[in-house]
Amino acid sequence: MAQLIDGKKISSEIKEELKAEVEALKRQGKEICLAVVQVGQDPASCVYVNNKKKACAYIGIRSEAYELPETVGEEELLALVEKLNQAGHVNGILVQLPLPAHIDEDKVIRAISPDKDVDGFHPVSVGRLWIGEPGFLSCTPAGIIQLLKRSGISIDGKECVIVGRSNIVGKPMAALLLREHATVTVAHSHTKNLKEITNRADILIVAMGKRQFIGADYVKDGAVVIDVGMHRDENNKLCGDVAFAQVCEKTSAITPVPGGVGPMTIAMLMNNCVQTVR
Ligand code: NAP
């Protein structure tokens, strides 16, 4: 019987730890403030932003909302980011992505001070991660490391295969697993013999954005499977990149969707906010 890796429970544990830490920091006179910038009113972005604000309130982090119209110019957005970079009371800056097409997302990410880059997307944060310097870690992959560690799954020396090489999941995941001394393979859409490669994995991390793509034939007996994907199935129920029901049987441990990787991302964002004053 596969162990179900409970992201809801583990993320709650992390949030409780952070809440206690924030209380202790407040007693030392250290307050934390996160600036949350949202452009437009995309419904999915609104849900994410609200969840982030709620998590801040729960943990004791002040959040400041900056809501800009969909039509805002790039210069105006960059000017706001610069103002927040300079604001002494603001510890972290989060610009909710995606941005409208007329705004250069990379330019905005680069405009955020690396000292306030709580999403960990700035090239300086990415560079620090790859050379092993302390810095802000990309939240979803950092959450996956916590899921593994807190479920008692060792990473050292393991054969890890990541399917997907995006800047927000696949690539930082590879850097973090290397840091934990795994042997890492990154597969992508040009990979030949994907099935052969995924069948080598002791730990298989799937972030390909393809609904229920990974079936039992992609998975080695006893492997650990982490499903980053997030989709709606034909019955409008949430599901992942992994065909859970058939894959589950073969694994030693697996994350469900929902309740696996998803809840970890915000917990790790909160951790990055606390890190600004540690
Ligand atoms: P993405 O930017 O679309 O990247 C998908 C990656 O998968 C790309 O590297 C792509 O290869 C690769 N890929 C696509 N089809 C493939 C195939 N047939 N064989 C092998 N590789 C293939 O996606 P993402 O932003 O990393 O997100 C992935 C999934 O995770 C999505 O479902 C997203 O909604 C979800 N997600 C969840 C969270 C969370 O908090 N739970 C956070 C982020 C993302 P190429 O590079 O060659 O195109």
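The values are calculated or read from the model by the stated rules, or taken from the named source; none is laboratory data. In this text the structure is predicted, and so the values were computed from the model without any measurement. Methodologically, a virtual Cβ is constructed for each residue, glycine included, from the backbone with ideal geometry; neighbour enumeration extends over all protein chains shown. To get the accessible areas, we keep the full protein, side chains included, count just its heavy atoms, and leave off ligands, DNA and RNA. Shrake-Rupley method; radii C 1.70, N 1.55, O 1.52, S 1.80 Å.
Each other residue within a Cβ distance under 11 Å of residue 256 adds +1 if Lys or Arg and -1 if Asp or Glu, for a net charge of -1. Place a label point 7 angstrom from the Cα of residue 166 along the Cα-to-Cβ direction, then list the residues of the stretch 5-28 whose backbone nitrogen is under 20 Å away. Taking a point 7 Å out along Cα→Cβ of residue 166, the residues of the stretch 5-28 whose backbone N falls under 20 Å are 7-8.
Accessible area per residue (1.4 Å probe, heavy atoms of protein chains only) ranks 276, 71 as 71, 276, with the largest value leading.
What number comes out for the charge environment of residue 127, summing +1 per Lys or Arg and -1 per Asp or Glu over other residues with Cβ under 13 Å away? It works out to a net charge of +1. Applying 1/(1 + (r/R0)^6) with r as the Cβ-Cβ distance of residue 210 and residue 89 and R0 = 45 angstrom yields a FRET efficiency of 0.55. Length available on full extension from residue 41 to residue 113: 0.36 nm per residue minus the Cα-Cα distance, which gives 23.4 nm. Our coupling estimate for the stretch 198-213, obtained by passing each phi through the Karplus curve with A = 6.51, B = -1.76, C = 1.60 and θ = phi - 60°, is 5, 6, 7, 6, 6, 10, 10, 10, 10, 9, 10, x, 10, 4, 6, 6 Hz, Gly and Pro reported as x.
For residue 195, the aspartates and glutamates whose Cα falls under 12 Å of its own Cα, not counting residues fewer than eight places away in the same chain, are 217. Here is the list for the stretch 15-72: trypsin sites (Lys or Arg not before Pro) lying in DSSP coil, each with at most 14 other C-beta atoms within 10 angstrom of its C-beta, are 30. The 3J(HN,Hα) values that the Karplus relation (6.51, -1.76, 1.60; θ = phi - 60°) gives for the stretch 266-278 are, in residue order, 5, 4, 6, 4, 5, 4, 5, 4, 5, 4, 4, 10, 5 Hz. Gly and Pro appear as x. Counting heavy atoms of the protein chains alone, residue 166 has an accessible area of about 50 Å² for a 1.4 Å probe. Distances between placed amide hydrogens fall under 5 Å for residue 260 paired with 7, all partners being 5 or more residues away or on another chain. Here's how it looks for residue 205: its modeled amide H is under 5 Å from those of 161, 162, 163, 226, which are all 5 or more places away or on a different chain. Here the 3J(HN,Hα) profile of the stretch 21-34, calculated from phi with Karplus coefficients 6.51, -1.76 and 1.60 at θ = phi - 60°, is 5, 5, 4, 5, 5, 5, 5, 8, x, 9, 9, 10, 10, 10 Hz, Gly and Pro shown as x. Between residue 181 and residue 57, full extension at 0.36 nm per residue minus the direct alpha carbon distance yields a gain of 41.0 nm. Bridges between two residues of the stretch 138-270, per DSSP, are antiparallel at a rate of about 10%.
Within the same chain, aspartates and glutamates fewer than 8 places from residue 210 are excluded, and of the rest, those with a Cα less than 15 Å from its Cα are 227, 233, 234, 241.
Near residue 64, the amide H atoms lying under 5 Å from its own belong to 34, 35, 36; only residues 5 or more places off or on other chains count, and H is placed 1.01 Å from N. Pair-distance distribution of the chain: all C-alpha pairs, bin width 10 Å, starting at 0; shares per bin in whole percent are 7, 28, 34, 23, 8, 1. Rounded to the nearest 10 square angstrom, residue 213 shows an accessible area of 90 square angstrom against a 1.4 Å probe. Here the chain carries DSSP beta bridges of which approximately 5% are antiparallel, counting only pairs with both residues inside. Each Lys or Arg adds one and each Asp or Glu subtracts one; over the other residues with Cβ under 15 Å from the Cβ of residue 156, this totals 0. Given a 1.4 Å probe and the protein chains as shown, residue 264 ends up with an accessible area of around 0 Å².
The stretch 1-79 and the stretch 169-223 have Cα centres lying 29 Å from one another.
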